[in-house]
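Chemist: First the structure, then my questions, so here it is.
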Amino acid sequence: MEELKGPPRWMDRIIEFYCRKDLLEDLQGDLHEYYFRNLEKSRRRANLIFLLDVFKFCRLYTIQKPKILGQMTFLNLMGNYFKTSVRSIARNKLFSSINIVGLAVSMSVGLLMITYIGETLTFDEFHEKKNRIYRVTSNYQSISSDDPFDLASTSVFIGEKLREQYTGFEKVLIMRRNFNADIAKGENIINVRGHYSTTEFFDVFSFDLKSGDPATALKEPNSIILTEKAAKKLFTDEDPVGQIVTAGEKSYTVTGLMSEVPENSHIQFEALASFSTLEKEHRDNENSTFFTWRSIWMNYVYLLLEEGVRPEQINQNLAEIAAEENAKTDRYTINHKLESLLDIVPGRDLSNQIGPSINWENIYQLLGLTLIIILSACFNYTNLSIARALRRAKEVGIRKVVGASQTQVLMQFVFEAILIAIFSLVIAGGFYLLIKPEFVSSVVDDENIGMQFRWIHLFYFLLFAIAIGFVSGILPSLVLSKLKAISILTDATKLKLFKGVNLRKVLIVFQFAISMALIIGATITYRQYNFSINYDLGFTSENILNMELFGNDSEVLITELSKLPEVKEMSRSGMIPSTGEIWGEDLKYKDPMDSVSIYFNRVDKNYPGVHELTFLAGGTFPYDMKEDDENPKFIIIDRALCERFGFEKPEDALGEIVYLQRRVEDDVPVQVTGVIENYQYQNLAEDPEPTALIQGGKDDLYTINMVISSNDIIGLMDKIEEIWTDVEKVHPFTASFMDDQIQSSYAHYKVMFRIFTFLAILAIAISTMGLLGMAVFTTETRIKEVSIRKVLGASEQNLIMILSRSFMIMLFISAIIAIPFTYFFFTEYILGEFKKRIDIGLMELLPGVLLIFLIGFLTISWQTIKAAKTNPADMLRDE
């Protein structure tokens with residue numbers, strides 16, 4: 001039998017459109033029943049009657065409310081939530097103020113982090129092909145060192161090898177850093193800093209070349225591209241393209257003019273010189289290591305991958321090259337892999353970065369500390385809201401009696417928490433503007449991060465406030481929404497919000513444990529900083545002024561400086577030890593297979609005397625390097641290196657020949673003229689390594705070291721600067737005391753001290769406000785108990801002890817948690833990298849804890865004394 005078909009679907013849709021959901025099933029069923037009866041006579045007749053019935057039942061009682069009415073109901077509901085929340089906030093001024101100020105203080109730190117991280121994540125986003133650009137990084141492992149290290153740089157060799165023998169990329173860009181030159185046009189001379197680059201620069205990156213041909217601007221040797229700012233200084237309003245400029249003995253043709261490099265670029269420069277300039281110099285030099293596999297310290301290779309090519313494919317090619325080249329030497333191994341352009345900043349902690357770098361680890365640390373402060377403020381809200389829950393229980397009961405659902409009650413209290421967070425956001429904005437300059441100058445160690453405000457930040461700030469409100473309000477909202485109306489309205493005193501552990505006490509313990517941990521952390525970092533800058537380095541750094549030469553003739557400057565009576569002695573060096581800068585070299589003695597990695601400094605013969613290094617045998621170099629000396633002739637080694645080469649006594653090393661492995665094939669023989677006592681060459685965080693002083697030539701000595709004695713340091717600096725400006729017209733006078741330079745190398749720990757101190761103050765303020773709120777609430781709820789005890793003869797001291805006891809116990813538990821945790825964290829992680837560090841004892845652990853106890857006791861006592869002095873008659877006269 002053929003199945004009977006129902007009415008046309010479009011007719012059913014009409015009734016489904018207007019009919020109320022609770023009537024639709026019955027009405028539609030009845031109409032379908034009549035339809036099938038009429039269908040026995042005629043389908044046309046059945047369709048017509050069904051259509052008439054559809055319109056006939058379109059009446060007021062069957063029509064569902066329009067969606068606009070539902071929206072209006074929602075808006076009315078939100079309006080009701082708003083009014084109720086504002087009234088509740090106004091009615092509980094003390095608790096509301098504590099919550100608003102506490103959240104505002106913590107949110108200001110959150111706003112800083114949103115701005116900071118938001119800016120770091122914009123680095124290199126302006127490049128059109130950013131998703132296909134990769135940098136080749138290096139991993140270097142010497143046989144004389146246990147620890148490999150990762151480099152952002154690589155070799156020219158790897159770039160050329162990829163270009164010539166492999167596929168999968170559209171362009172291979174090779175760069176070399178440190179194009180630093182004084183360029184001149186006529187009488188105008190400026191100093192520019194930049195890089196060398198091959199012609200693919202503008203094919204890979206999206207920097208704005210305003211004039212010049214991007215395909216050929218970096219093709220010919222001695223070509224240079226200037227940024228607008230540099231060109232303006234040199235040429236004023238004249239068109240620079242096509243002009244000839246000089247840099248020392250070289251001439252360069254300006255082939256392009258660029259817009260300024262965006263601040264959020266990991267490559268920063270004022271000029272680009274053609275890479276072919278270097279190739280021209282090194283191709284014909286048989287002693288050059290420029291194109292070798294090992295020359296990975298100054299060069300950078302960027303690849304623009306073809307569409308659809310995955311970096312894993314290129315990594316396999318890099319592994320093949322590494323396997324082939326590493327098999328040719330047993331002194332070291334070098335491996336390479338790709339790094340995405342968007343993973344450079346922020347990214348891994350790599351040596352030899354070409355520009356600004358931001359380590360993810362530092363961001364995670366700041367985020368963790370920020371989260372701790374925010375959670376502390378959220379716990380304040382949760383704690384005080386739960387404490388006041390029973391006072392609002394009747395409000396919940398009445399709402400439920402008049403028809404409010406659990407969800408609506410939940411939304412009411414979450415809405416109130418979000419509203420408080422938004423009020424806090426306004427105050428937090430003021431705190432944010434107040435502390436941002438200090439944050440940028442003290443914490444953000446990068447001139448490219450200015451944390452400029454953008455309008456999109458307002459949207460992020462609002463989302464942040466809503467999230468904070470939800471997190472802080474969800475738990476008390478859940479507690480209140482689950483209360484049963486009948487239990488509330490019959491006897492609210494019998495309600496139990498939690499079983500077992502008292503959540504409010506747990507939150508207080510957690511808050512004060514955080515405060516103690518932060519203030520202990522500030523104490524430890526400050527003590528370590530002081531220990532580091534006052535450590536006995538094994539040489540004299542006091543009253544030594546280091547002046548950078550910037551390529552000037554040191555002999556001319558030394559001649560003029562020696563005329564100043566305040567300048568007692570002078571020497572020259574390549575770098576400043578114990579400041580974190582490290583120069584490495586491989587050295588060997590008799591066994592050609594036994595090489596050792598050393599730290600070294602290139603110095604002149606006066607250097608050991610100026611710095612009062614202690615000689616165990618021998619003395620300094622007999623003379624300084626001569627103009628025609630290609631390589632150093634002499635070396636001074638320390639006790640550790642002397643023992644490493646097996647000399648029984650320091651005197652045994654004198655006159656011996658050791659070999660510097662400065663080239664891949666040729667070793668440089670140098671004679672030992674002296675053995676000195678070990679001294680602190682590197683930062684205290686580094687593993688001690690054997691060190692040496694290598695005779696330095698004129699081009700190796702970048703700094704003049706002056707021993708000065710003067711009661712008028714400012715006047716002396718003016719005299720030295722006057723001598724400098726008579727010799728140097730381009731570079732600014734740059735001189736620093738050695739003690740200040742050493743202190744600067746530990747600036748990270750000084751910054752950590754500031755961060756921990758700042759956050760400790762915030763955490764203490766937040767937790768103290770929370771403790772004050774809880775003390776007020778406790779004394780209010782126990783005021784009749786206090787009055788009865790007082791009537792029965794309890795003294796004020798006894799009452800203060802009774803009311804304060806539970807709070808002091810919580811502070812004691814906080815200390816039990818905070819002390820071992822902070823000790824372990826700093827011992828294993830923060831100070832774990834220091835080979836020479838302080839011993840963490842009671843002087844580091846107890847002061848912070850005692851301070852918190854004092855603040856907590858004063859906060860609690862304020863309210864408990866007030867309650868203990870209350871007249872019992874006023875409290876009990878109505879009982």
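Chemist: For each of 302, 35, count neighbouring Cβ atoms within 10 Å of the residue's Cβ, then give the residues from fewest to most.
Modeler: By the 10 Å Cβ count, ascending, the order reads 35, 302.
Chemist: With a cut-off of 8 Å between alpha carbons and a minimum separation of six or more residues, what is the relative contact order of the chain in percent?
Modeler: That works out to 13 percent.
Chemist: Can you compute the charge dipole magnitude of the chain about its Cα centre, using +1 on each Lys and Arg Cβ and -1 on each Asp and Glu Cβ, nothing else charged? Give it in debye, rounded to the nearest 20.
Modeler: 8500
Chemist: Of 761, 795, 115, which is farthest along the charge dipole of the chain in the positive direction, counting Lys and Arg as +1 and Asp and Glu as -1 at C-beta?
Modeler: 795
Chemist: Same structure, new question: Find the relative contact order for region 567-708 and round it to a whole percent, using C-alpha pairs within less than 8 Å whose residues are 6+ positions apart.
Modeler: 40
Chemist: Tilt of helix 713-727 relative to the longest C-alpha principal axis of the chain, in degrees (0 to 90, nearest 10)?
Modeler: 60
Chemist: Same structure, new question: Assuming a ≥ b ≥ c are the square roots of the Cα gyration tensor eigenvalues, decide whether region 9-56 counts as rounded (a/c under 1.5), prolate (otherwise, with a/b larger than b/c) or oblate.
Modeler: Values: a/c = 2.65, a/b = 1.78, b/c = 1.49.
Prolate.
Chemist: A follow-up question, please. Under a cut-off of 28 Å between alpha-carbon atoms, report the lysines in cross-link reach of residue 56, not counting same-chain residues fewer than 8 places apart.
Modeler: Partners within reach: 5, 21, 41, 65, 67.
Chemist: Lysine pairs in region 567-708 with Cα distance under 21 Å, only those 8 or more apart or on different chains: how many are there?
Modeler: Final tally of qualifying lysine pairs is 10.
Chemist: Separate question: Holding the Cα-Cα limit at 29 Å, pick out from 130/219; 505/869; 161/210; 232/337 the pairs that are longer than that.
Modeler: Numbers: 130/219 24 Å; 505/869 26 Å; 161/210 33 Å; 232/337 40 Å.
Beyond 29 Å between Cα atoms: 161/210; 232/337.
Chemist: Rounded to the nearest 5, what % of the DSSP beta bridges within the chain are antiparallel ones?
Modeler: DSSP beta bridges in the chain are roughly 80 percent antiparallel.
Chemist: Given +1 on the Cβ of Lys and Arg, -1 on the Cβ of Asp and Glu, and no further charges, what dipole in debye does region 229-286 carry about its Cα centre, rounded to the nearest 20?
Modeler: Details: 6 positive and 11 negative charges, 17 e Å.
With only Lys, Arg, Asp and Glu charged at Cβ, the dipole is about 80 debye.
Chemist: Name the residue from 614, 592, 409 whose Cα lies farthest towards the positive end of the charge dipole of the chain, charges +1 on Cβ of Lys and Arg and -1 on Cβ of Asp and Glu.
Modeler: 409
Chemist: Just want the ordering: 611, 457, from fewest to most Cβ atoms lying within 10 Å of their own Cβ.
Modeler: Ascending Cβ contact count within 10 Å gives the list 457, 611.
Chemist: Right, another one. 222 nm [θ] for the chain, helices only, -39500 (n - 2.57) per DSSP H run of 4+, per residue, to 500? All intermediate terms of the calculation are to be shown ahead of the outcome.
Modeler: Details: 27 runs with 429 residues, N = 879.
For the chain, the value works out to -16000 deg cm²/dmol.
Chemist: Considering only C-alpha atoms, what is the centroid distance from region 654-725 to region 228-303, in Å?
Modeler: Spelled out, the Cα-based centre of one part sits 30 Å from the other.
Chemist: Follow-up. Can you tell me which of 153-159, 375-381, 555-561 comes out highest on packing, and rank the rest after it, using the mean Cβ neighbours within 10 Å?
Modeler: Answer by packing, highest mean first, reads 375-381, 153-159, 555-561.
Chemist: Still on this structure, I have one more. So, counting K/R as plus one and D/E as minus one, what does the shell of residues with Cβ under 15 Å around residue 517 add up to? Please report the intermediate quantities before stating the final value.
Modeler: Working: positive: none; negative: 828, 844.
Once all neighbours under 15 Å are counted, the net charge is -2.
Chemist: Which aspartates and glutamates does residue 328 reach when only Cα atoms under 13 Å apart count, and residues fewer than 8 places away in its own chain are ignored?
Modeler: Those aspartates and glutamates meeting the cut-off are 665.
Chemist: Search the structure for amide H atoms under 5 Å from the amide H of residue 149, placed 1.01 Å from N in the peptide plane, and list their residues when 5 or more places away or on another chain.
Modeler: 140
Chemist: How do the peptides 231-238, 285-292, 514-521 rank, highest first, by the average count of neighbouring beta carbon atoms within 10 Å per residue?
Modeler: Working: 231-238: 15.6, 285-292: 12.4, 514-521: 26.9.
The peptides rank, most packed first, as 514-521, 231-238, 285-292.
Chemist: Would you please give the residues with an amide H less than 5 Å from that of residue 543, counting only those at least 5 places away or on a separate chain, with H modeled from the backbone geometry?
Modeler: Correct list: 739.
Chemist: Which lysines does residue 93 reach when only Cα atoms under 22 Å apart count, and residues fewer than 8 places away in its own chain are ignored?
Modeler: 83, 394, 866
Chemist: Scan (i) 68, 44, 25; (ii) 97, 32, 23; (iii) 72, 56, 23 for the value of semi-axes √(5λ) of the Cα gyration tensor in Å calculated from this model and give just the label.
Modeler: Correct label is (i).
Bear in mind these aren't lab numbers, they're just calculated from the coordinates by the rules spelled out. What you see is a predicted model; the values in this text were computed from it and never measured. All Cβ positions, glycine included, derive from the backbone under ideal geometry; neighbour counts span all protein chains shown.
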